[in-house]
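> Quick one: structure below, then a few questions.
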Amino acid sequence: MTAVLSSSAPETSLDADAGATTRTPALAVAFRSLRRTFGTGAAAHTVLRDVDFEIRAGEVLAILGTSGCGKSTLLRATAGLDSPTAGSVDIDGTPVQGIDSRCAFAFQEPRLLPWHTLQANIAIGLPTGISARDGKAKVGRLLELVGLTDFAKHRPREISGGMAQRASLARALARNPGVLLLDEPFGALDALTRIKMQDLLLDIHRAEPTTVLLVTHDVDEALQLADRIIILGKEANAGEGAAPGATIVRTVHVPGGRPRDRGSVELARMRASLLETLGVDSR
Ligand SMILES: Nc1ncnc2c1ncn2[C@@H]1O[C@H](COP(=O)(O)OP(=O)(O)O)[C@@H](O)[C@H]1O
Ligand SMILES: [Mg+2]
């Protein structure tokens, strides 16, 4: 890792060639009859059941649902950090079995190493086997993409929360992930920084059009960023005898190219409808 950025590494400019060899692919994801039960016997607790869904390569999918309904569990299963009790997650037609190097994760907390510079933190995400030249070019390109070129040598304690989250996104992208998993990535940021980060994510997706699964509790964020939105929850009128656990209770296609007009009447209508499904009265 550090070798990639050591002073002995050959100096290279950000040439297009190096960028092309490290371009991010986009991979399709499919949830197939996925179920996750924690514990056994009387302590068994089914969190997710009958999750069937296909996400196109390059699509941005937002996942909404009340706290504790299984959103993070679904992302963890996609990355192979957790195994479903039944069913599978397929990426590019191949089942996920164990930690999957086709995925990269970014969380609400940036999780940067405090003793490393930002460029070294981003380099940690580089795939193994990448040449020093390509690695350096990739880190340089990502620093530029997230607007941190002037802060490459700074340490995490010297930058703001928004900047740290930008570095965290760059580190996730350094891996060239076919699937980018974002678990409430902007949840800890103030409202203005959050909007800027949403715009940045759109820029990132244009430059690195990978498949994105975005967990968020912010309906506006989902409407701003996603091609489609799924809501995880308990089925309405499920009754006493119904199977426990959350499933996909609603799928919404969000029309219009991005960036979208935040004041649009159509989005406001969709917002009210999504909040209603989530059990929140928007008035
Ligand atoms: N490793 C685990 N062992 C037992 N229960 C778990 C584990 N991981 C998650 N859960 C439970 O699964 C449910 C869903 O958790 P999570 O996916 O984190 O929800 P969300 O991200 O939607 O808030 C919660 O009730 C949580 O307690
Ligand atoms: Mg969660």
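> If you go through region 27-46 one residue at a time, how many are near ligand 1 (Cβ under 10 Å from one of its atoms) and either hydroxyl-bearing (Ser, Thr, Tyr) or on the phi < 0 side of the Ramachandran plot (or both)?
Matching residues across region 27-46 total 6.
> How many residues, within region 243-257, are farther than 13 Å from GLY233 by Cβ and at pLDDT 95 or above?
Residues meeting the conditions: 3.
Every residue, every condition in (1) surrounded by fewer than 12 Cβ atoms within 10 Å (Cβ to Cβ); (2) part of a strand (DSSP E or B); (3) of a type in the set (D, E, K, R), yes or no:
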{"residue": "PHE31", "(1), (2), (3)": "no, yes, no"}
{"residue": "THR37", "(1), (2), (3)": "no, yes, no"}
{"residue": "ALA42", "(1), (2), (3)": "yes, no, no"}
{"residue": "ASP50", "(1), (2), (3)": "no, yes, yes"}
{"residue": "SER72", "(1), (2), (3)": "no, no, no"}
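> Further question on the same structure: Would it be correct to say that LEU143 is surrounded by fewer than 24 Cβ atoms within 10 Å (Cβ to Cβ) and more than 22 Å from LEU64 (Cβ to Cβ)?
Against the criterion (surrounded by fewer than 24 Cβ atoms within 10 Å (Cβ to Cβ) and more than 22 Å from LEU64 (Cβ to Cβ)), LEU143 qualifies.
> Condition first: over 17 Å from the mean Cα position of the chain (by Cα) and either within 23 Å of PHE186 (Cβ to Cβ) or within 12 Å of ligand 2 (Cβ to nearest atom) (or both). Now tell me which residues in region 80-115 satisfy that.
Listed by number, the residues that qualify are LEU113, PRO114.
Residues checked against (1) among the acidic types (Asp, Glu); (2) at negative phi; (3) out of contact with any helix residue (DSSP H, G or I) (no Cβ under 6 Å at 6 or more places or on another chain):
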site	(1), (2), (3)
VAL219	no, yes, no
ASP227	yes, yes, yes
ALA236	no, yes, yes
ALA243	no, yes, yes
THR251	no, yes, yes
PRO255	no, yes, yes
VAL265	no, yes, yes
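> Can you give me the number of residues within region 47-88 that are at pLDDT 95 or above, polar (S, T, N, Q) and either within 14 Å of ASP183 (Cα to Cα) or within 14 Å of ligand 1 (Cβ to nearest atom) (or both)?
5
> Do you know which residues across region 123-140 are of a type outside the set (Lys, Arg), surrounded by 19 or more Cβ atoms within 10 Å (Cβ to Cβ) and part of a helix (DSSP H, G or I)?
Correct list: ALA123, ASP134, GLY135, ALA137, VAL139, GLY140.
> Could you tell me which of the residues ALA62, ALA77 is in a helix (DSSP H, G or I), within 16 Å of the chain's Cα centre (by Cα) and among the small types (Gly, Ala, Ser)?
On inspection, the qualifying residue turns out to be ALA77.
> Here's a follow-up. Within region 161-255, which strands (runs of 3 or more DSSP E) (wholly inside it) include 1 or more residues that are among the charged types (D, E, K, R) and within 16 Å of ligand 2 (Cβ to nearest atom)?
179-183
> Residues of region 46-71 being over 19 Å from ARG102 (Cβ atoms) and within 16 Å of ligand 2 (Cβ to nearest atom), which ones?
Listed by number, the residues that qualify are VAL47, LEU48, VAL51, ALA62, LEU64, GLY65, THR66, SER67, GLY68, CYS69, GLY70, LYS71.
> List every residue pair whose Cβ atoms sit under 7 Å apart, with the two residues 6 or more apart in sequence or on different chains, where the first one lies in region 56-77 and is farther than 12 Å from ASP227 by Cβ and the second, anywhere, is near ligand 1 (Cβ under 9 Å from one of its atoms) and in a helix (DSSP H, G or I).
ILE63/LYS71; ILE63/LEU74; GLY65/LYS71
> Continuing with the same structure: Please verify whether region 182-189 includes one or more residues that are among the acidic types (Asp, Glu) and within 13 Å of the chain's Cα centre (by Cα).
yes
The values are calculated or read from the model by the stated rules, or taken from the named source; none is laboratory data. Computed from a predicted model, the values in this text were never measured in an experiment. In this analysis, Cβ positions are derived from the backbone assuming ideal geometry, glycine residues included, and neighbour counts consider all displayed protein chains.
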